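See below for the structure under consideration.
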Amino acid sequence: MIQPSYPCKQAELYTAARIGWRNFLNQLPAFTSYKPFYTNAYHNNRLLEITAAETMADESVRRAKVKSKHLILTQKAELARNRWQDIKSYINSAFTDAELEIKYQEA
């Protein structure tokens, strides 16, 4: 399990982030004068990112999904390699040596 690098609960971190962005909004004219891309839309997008992070599944759920997909991918890769060997065997028996490389590329 990953140890957090912040000394607070995750919910407290999201609350602190929202407070920070509320303070940003209170000082929006100063930020906008510094960099024009600091806008109300920019603020709203950052809040959406916080909400998206907050609603994400926890690490153990995400890790389990990745392991499951990796297992499926490994099985499909083995099937694809076996099918390629079958095709390669057919090409080796059906075509002349001069045609082999062309037929491998075609396959």
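The values are calculated or read from the model by the stated rules, or taken from the named source; none is laboratory data. Computed from a predicted structure; not experimentally measured. Neighbour counts are summed over all protein chains in view; Cβ atoms, including those assigned to glycine, are modelled from backbone coordinates with ideal geometry. These area figures cover heavy atoms from the full protein model, side chains too; ligands, DNA and RNA do not enter into them. Shrake-Rupley method; radii C 1.70, N 1.55, O 1.52, S 1.80 Å.
Summary table below
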| item | result |
| --- | --- |
| Coordinate range along principal axes, alpha carbons of the chain, Å, largest first | 77, 36, 19 |
| Counted charge near residue 91, where neighbours are those whose Cβ lies closer than 15 Å (Asp, Glu -1; Lys, Arg +1) | -2 |
| Full-stretch length increase - residue 74, residue 45 - with 0.36 nm per residue and alpha-carbon distance subtracted | 6.7 nm |
| Spatially proximal lysines relative to residue 76 (Cα-Cα < 20 Å; intrachain offsets below 8 disregarded) | 65, 67, 88 |
| Residue 12-residue 52 pseudo-label distance in nm [points 7 Å out on the Cα-to-Cβ vector] | 2.7 |
| Chymotrypsin sites (Phe, Trp or Tyr not before Pro), loop per DSSP, at most 16 other Cβ atoms within 10 Å - longest free stretch of the chain | 38-94 |
| Å² per residue, accessible surface of the chain at 1.4 Å | 84 |
| Computed over region 1-55, Cα set: Rg, Dmax in Å | 13.3, 43 |
| Residue 106 accessible area, 1.4 Å probe, all protein chains in place, Å² to nearest 10 | 130 |
| Aspartates and glutamates whose Cα lies under 16 Å from that of residue 9, excluding same-chain neighbours fewer than 8 positions away | 54, 58, 59 |
